[in-house]
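Student: Handing you this structure, nothing more for now.
The values are calculated or read from the model by the stated rules, or taken from the named source; none is laboratory data. On a predicted model such as this, the values are computed, not experimentally measured, just so you know.
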Amino acid sequence: MTNNDEGGTETEENPKTESPLNKNEILEKLEILEKLVVAETEKIAKPHKRKFDEIAEKLQSMKSSITKMNKDEKKAIFDEYEKKAIEKSSLANVRFGGEN
């Protein structure tokens, strides 16, 4: 028997630390935690991947539609978009007192 820091006695049956984990127990717990982390990560990532795939499909569809257009159609679409952007900008300036 030896004296421990708290004034009590320490024996092999009653070590200073209450119940130390051995290496195998620690490894088992770490493996379980790793599996849980992987499962949660997959659960979180799955809906994001699905949404990403949907957006990628839409973009691919748009790209293929645009490549089929001739230059005049593309210019007309761009001009219309630009016109709407200018109108919105002008409207915002009128509403919020921006520069005239």
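Student: Any residue that is among the polar types (S, T, N, Q), in a helix (DSSP H, G or I) and at pLDDT 90 or above - is there at least one of those in the stretch 89-100?
Tutor: no
Student: Could you please find all residues in the stretch 23-57 being of a type in the set (D, E, K, R) and over 21 Å from the mean Cα position of the chain (by Cα)? Give the derivation first.
Tutor: The first filter runs over the stretch 23-57 and keeps only residues of a type in the set (D, E, K, R), leaving 23, 25, 28-29, 31, 34-35, 40, 42-43, 46, 49-51, 53-54, 57.
Those that are of a type in the set (D, E, K, R) and over 21 Å from the mean Cα position of the chain (by Cα): 23, 25, 28, 29, 31.
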